[in-house]
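The values are calculated or read from the model by the stated rules, or taken from the named source; none is laboratory data. Since we're looking at a predicted model, the values are computed, not measured. Cβ coordinates were reconstructed from backbone atoms using ideal geometry, including for glycine residues, and neighbour counts include every protein chain displayed. Please note that ligands, DNA and RNA were not included when accessible areas were found on the heavy atoms of the full protein model with its side chains. Shrake-Rupley method; radii C 1.70, N 1.55, O 1.52, S 1.80 Å.
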Amino acid sequence: MRFKNLVATTLIGSTMLFAGAASAQQAFGKAEDAVKYRQSSFSVLAHHFGTLGAMARGKAPFDAKVAAENADVLAVVANLPWAAFGAGTEGGNSKAAIWQEKAQFDEKQQQFEAEAGKLVAAAKSGDLDKLKAAFGPAAQTCKSCHDDFRTK
C-alpha cells in the first residue's frame with residue numbers, strides 16, 4: 001500500500017513538473033538547488049534501476065510484480081533530472097563538459113530515455129529474458145554518460 005502511495009505521489013509530482021517544464025530553469029533559485037534536485041532524482045533512479053538490474057543479473061530473485069512496480073517508478077523518474085541542467089546550474093558531480101558540449105549531452109540523455117523506456121516495457125512484461133535483454137543497453141547509456149559528463 002505504501003509503495004502505491006509513493007508511485008501515485010511521484011506521478012502527481014511529475015505531472016506538475018512536466019506542466020511547468022517551460023519554466024523549469026526558473027524553478028531553481030540557486031545553482032545548488034538544481035544540483036540537489038538532480039542528485040536526488042538520480043538517487044531515486046539508481047535505486048529502482050538497481051533493483052531491476054539485480055534481477056536481470058541474477059543477484060536477486062526475479063519477481064514480476066516487484067519488477068513492474070519498479071518499472072512504474074523508473075518510467076517517471078527517468079525523465080526528472082534533466083530540467084536541473086540549465087545554464088548556471090554547474091556544480092556537484094557534473095563536469096563542465098555538460099554545458100560546453102550541450103548537444104552531445106542532450107543526445108546521451110535521449111539515448112538513456114529511449115533505453116529506459118525499453119527497460120520499463122521489458123520489466124512490465126513479466127518476462128525475465130526480456131528484462132535481461134533490455135538491462136544491458138540501458139546500463140550502457142548510464143555508463144557512457146557518466147564516463148563523459150560525471151566526475152569520478
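Can you tell me the length gained on complete extension of the stretch W99 to K132, counting 0.36 nm per residue apart and subtracting the Cα distance?
Working: separation 33, 0.36 × 33 = 11.88 nm, distance 3.36 nm.
Taking W99 through K132 to full extension adds about 8.5 nm, to one decimal.
Can you compute the FRET efficiency between D148 and V66 using 1/(1 + (r/R0)^6), with r the Cβ-Cβ distance and R0 = 30 Å? Round to the nearest 0.05. It would help to have the intermediate numbers written out before the result.
Numbers: r = 32 Å, r/R0 = 1.07.
About 0.40, to the nearest 0.05.
From the cross-link list K30/K102; K36/K108; K95/K130, which pairs have alpha carbons spaced over 27 Å apart?
On the way: K30/K102 20 Å; K36/K108 21 Å; K95/K130 34 Å.
Among K30/K102; K36/K108; K95/K130, the Cα-Cα distance tops 27 Å for K95/K130.
Could you give me the ³J(HN,Hα) list for the range 94-100, computed from phi with Karplus coefficients 6.51, -1.76, 1.60 and θ = phi - 60°, whole Hz, x at Gly and Pro?
7, 7, 4, 4, 4, 8, 7
Pairwise over distinct Cα atoms, reciprocal of the mean inverse distance: report the Kirkwood radius of the range 46-144 in Å, one decimal place. Walk me through the numbers before you get to the answer.
Values: mean 1/r = 0.0706 Å⁻¹.
Hydrodynamic radius (Kirkwood, Cα pairs) of the range 46-144 is 14.2 Å.
Given H placed on each backbone N at 1.01 Å, which residues far from S94 in sequence or on other chains put an amide H within less than 5 Å of it?
Amide H to amide H, under 5 Å and 5 or more residues apart or across chains, S94 pairs with T151.
Accessible surface of T151 in the full protein assembly, 1.4 angstrom probe, to the nearest 10 Å²?
In the full protein context, T151 sits at about 60 Å².
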